[in-house]
Amino acid sequence: MKKKDVKVVNKGIDTTEMLLAMEELEKTNGIKKEFLMESIESALVVAYKRNFECSNENVKVVLDKADGKMHVYQEKNVVENVENEKIEISLEDAKKIKNSYEIGDVVQFELMPKEFGRIAAQTAKQVITQKIREASRDVIFNEFADKKGEIITGLVQKADGGAVILDLGKIEGIMPKKEQIPTEKYNVNDKIKTCIISVEKGVKGSTQIILSRASTEFVRKLFEIEIPEIYEGLIEIKSISREAGSRSKIAVYSQNPNIDPVGSCVGQKGIRIQNIINELNGEKIDVIEWNEDPSIFISTSLLPAKVLAVDVKEEEKFAQVIVPDDQLSLAIGKAGQNAKLAARLTNWKIDIKSESQFRKMLEEMQNEEESE
């Protein structure tokens, strides 16, 4: 479609100050001037149609950088026979304006009611204010999105037994009930460390930050902060299993034979691991050396219990573990906790039996075979 505009010179509302303000916003807030102009033009079209009750007409608003003015145009399509006078003009009438018009062209008539200047200024101010808010929200979102997985310190603003709200400086973060350590109690104005586990855009573009102290990621980051060898990549955290507030197991490994991964994590006189335990409010931590041999890894994962033997079935990822009679309850743990954490840490199904249980099982199997 060809488009030939007819513009009446010297009409329009002066927008020099508005254009200068947009240039300043581009410098200070990073909001592109062209983007602002498009947004304001679209908003002004809506405002014009609403205030002058011409919703069925084709209206266009242009902020002209060349003359520093705002122009409002009614657009009509050139047709052979007019069916709708609000959006169409006959070819005969169009040629009276300019002889070169053809069917399919668009004729623009400039409109400029005097009272629209005030409405336009208010609308532009509203759009600019909204875009500044959106830009600020985007800056905050991008800033915290880059920090996902990191530990951040916040000030408790609300702690009523449900979700905890923390002041993070530029924004508030939420620590849901399930992300809190069950053994901890939080009070207003407490300064606590949390891990950013999620950064999402919420209602109307607001940034929602979900925090956690109960996640395995929180433990991982504490180890990275406290153990330089982990931060530097000399020691690798292979896996973590955790029951927040009670016990964690962490499997570590180093390719360097001169580095003791477990000893490095524990530290001299246990000072390194104790710092982490203190941050976790006394949560027990078992640091285990990872081994590519599943039988060795599964055996150490059941610490502090001692293991006599491990029989693994690779295809099923199933391990039968035999422990001394006096170690059975320790290996299984209270409410099965130690066994569950070991299974999560190794990603193997683990069945634990005492030495006497295993012998009895073998005897029963032998008797069954003999009876057959």
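The values are calculated or read from the model by the stated rules, or taken from the named source; none is laboratory data. Here the structure is a predicted model, which is why all the values come from computation and not from measurement. Cβ: placed from backbone, ideal geometry, glycine included. Neighbour counts: every protein chain shown.
Of the residues screened, Asn347 is one that is at positive phi and either in the same structural domain as Ser246 (by TED's automatic domain parsing) or under 36 Å from the mean Cα position of the chain (by Cα) (or both). Condition check for Ile322 on (1) among the hydrophobic types (A, V, I, L, M, F, W, C); (2) assigned to a strand (DSSP E or B); (3) without any contact (Cβ under 8 Å) to a residue 24 or more places away in the chain: one failure, at (3). Among the residues examined, Gly245 does not qualify as without any contact (Cβ under 8 Å) to a residue 60 or more places away in the chain and out of contact with any Cys (no Cβ under 9 Å at 6 or more places or on another chain). Only one entry of Ala343, Ala335, Ala305, Ala339 meets the criterion of being of a type in the set (A, V, I, L, M) and outside any helix (DSSP H, G or I), and that entry is Ala305. Candidates are the residues of region 60-77 that are farther than 17 Å from Ala124 by Cα, modelled with pLDDT of 80 or more and not aromatic (Phe, Trp, Tyr); the one that is surrounded by the most Cβ atoms within 10 Å (Cβ to Cβ) is Lys76.
Going residue by residue through region 38-45, is there one that turns out to be surrounded by 14 or more Cβ atoms within 10 Å (Cβ to Cβ) and modelled with pLDDT under 80? There is no residue in region 38-45 that is surrounded by 14 or more Cβ atoms within 10 Å (Cβ to Cβ) and modelled with pLDDT under 80. Restricting attention to region 9-22 and to residues that are surrounded by 12 or more Cβ atoms within 10 Å (Cβ to Cβ) and at negative phi, the residue that is modelled with the lowest pLDDT turns out to be Lys11. Of the residues making up region 274-286, one or more are within 36 Å of the chain's Cα centre (by Cα), under 21 Å from Glu236 (Cβ atoms) and not hydrophobic (A, V, I, L, M, F, W, C). The listed residues are Ile240, Ile298, and the only one of them that is in the same structural domain as Gly333 (by TED's automatic domain parsing), in contact with a helix residue (DSSP H, G or I) (Cβ under 6 Å, 6 or more places away or on another chain), closer than 14 Å to Ala342 by Cβ and of a type outside the set (Gly, Ala, Ser) turns out to be Ile298.
Would you check which residues across region 214-236 are among the β-branched types (Val, Ile, Thr) and either more than 17 Å from Ile277 (Cβ to Cβ) or touching a His at 6+ places or on another chain (Cβ under 7 Å) (or both) and list them? Hit for region 214-236 is Ile235, nothing else.
Flag: Ser206 matches the condition of being under 19 Å from the mean Cα position of the chain (by Cα) and polar (S, T, N, Q).
Restricting attention to region 182-212 and to residues that are in contact (Cβ under 8 Å) with a residue 60 or more places away in the chain and in contact with a helix residue (DSSP H, G or I) (Cβ under 9 Å, 6 or more places away or on another chain), the residue that is surrounded by the most Cβ atoms within 10 Å (Cβ to Cβ) turns out to be Ile209. If you go through region 346-359 and keep only what is in contact with a strand residue (DSSP E or B) (Cβ under 8 Å, 6 or more places away or on another chain) and either of a type outside the set (A, V, I, L, M) or assigned to a helix (DSSP H, G or I) (or both), you end up with Thr346, Asn347, Trp348, Lys349, Asp351, Lys353, Ser354, Glu355, Phe358.
Among residues of region 137-154 that are closer than 18 Å to Arg213 by Cα, those with a Cβ under 8 angstrom from a residue that is assigned to a helix (DSSP H, G or I), sequence gap 6+ or separate chain, pair up as Gly149/Glu217; Gly149/Lys221; Glu150/Lys221; Ile151/Phe218; Ile151/Lys221; Ile151/Leu222; Ile151/Ile225.
Here is a list: Ile230, Ile237. Which entry is at pLDDT 95 or above and in a helix (DSSP H, G or I)? Going through Ile230, Ile237 in turn, just one is at pLDDT 95 or above and in a helix (DSSP H, G or I): Ile230.
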